[in-house]
1. In segment 92-145, how many residues are at pLDDT below 80 and among the charged types (D, E, K, R)?
2. Taking segment 51-74, which residues are polar (S, T, N, Q) and under 25 Å from residue 121 (Cα atoms)?
3. Could you say whether any residue in segment 51-70 is touching a residue at least 12 places away in the same chain (Cβ under 8 Å), among the hydroxyl-bearing types (Ser, Thr, Tyr) and touching a Ser or Thr at 6+ places or on another chain (Cβ under 6 Å)?
4. Among the residues of segment 115-134 satisfying the criterion of being out of contact with any strand residue (DSSP E or B) (no Cβ under 7 Å at 6 or more places or on another chain) and part of a helix (DSSP H, G or I), which is surrounded by the most Cβ atoms within 10 Å (Cβ to Cβ)?
5. Any chance you could count how many residues in segment 72-95 are within 17 Å of residue 116 (Cα to Cα) and assigned to a strand (DSSP E or B)?
6. State whether one or more residues within segment 36-44 are free of Cβ contacts under 8 Å to residues at least 60 places away in the same chain, over 20 Å from residue 105 (Cα atoms) and not acidic (Asp, Glu).
7. Which ones in segment 75-111 are among the β-branched types (Val, Ile, Thr) and more than 19 Å from residue 124 (Cα to Cα)?
8. Kindly provide the set of residues from segment 42-71 that are touching a helix residue (DSSP H, G or I) at 6+ places or on another chain (Cβ under 9 Å) and either closer than 20 Å to residue 116 by Cα or part of a helix (DSSP H, G or I) (or both), ordered by number.
Amino acid sequence: MKLYQSFRLNSVKEIYIKQDQYGIYDRSNSYNAFKDYTIVNVLYCSGDLHAGEATRQFKGGWGNTDTTVEQTGYKNTMATLDWINSQIGDYLDPNLDSLVISGQSAGAIGAQLWSHYIIENFKAENKVVIIDSYLGVVPKEAGMI
């Protein structure tokens, strides 16, 4: 079985990438607790912890040249959540047994920032957040999600 993950960059382009078959993605491993789960993987590359919406200028960046970076993590995450919502009923049972939100490294921060919103907006009997590699503490005054 081939697994593909997709994301929308600025809600316009779709990119598909083959996911390696190990860890939670190894559906042939009988010890894998997630082998029967539907997995949606939100890709990350803009340096905004899955929550930014800004254009930034970096002086003397890659190759010692000025670089413009579009940070669209908020839009990418919302596009992913909107896509998941569009699948409910046709492809996903609206009454999930379990919902697992997980993240590693910067994804761990994104999982923490978005977990409350996701838990409030998706119905599931059991809900859990798994954080790997980073525990972020964001003060309420920061105005994050």
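1. Number of matching residues: 2.
2. 71, 72
3. no
4. Once the filter is applied, the top-ranked residue is 117.
5. 0
6. Checked against the condition, which is being free of Cβ contacts under 8 Å to residues at least 60 places away in the same chain, over 20 Å from residue 105 (Cα atoms) and not acidic (Asp, Glu), segment 36-44 yields at least one hit.
7. Listed by number, the residues that qualify are 77, 109.
8. Result: 42, 43, 44, 48, 49, 50, 51, 52, 53.
The values are calculated or read from the model by the stated rules, or taken from the named source; none is laboratory data. What you see is a predicted model; the values in this text were computed from it and never measured. In this analysis, Cβ positions are derived from the backbone assuming ideal geometry, glycine residues included, and neighbour counts consider all displayed protein chains.
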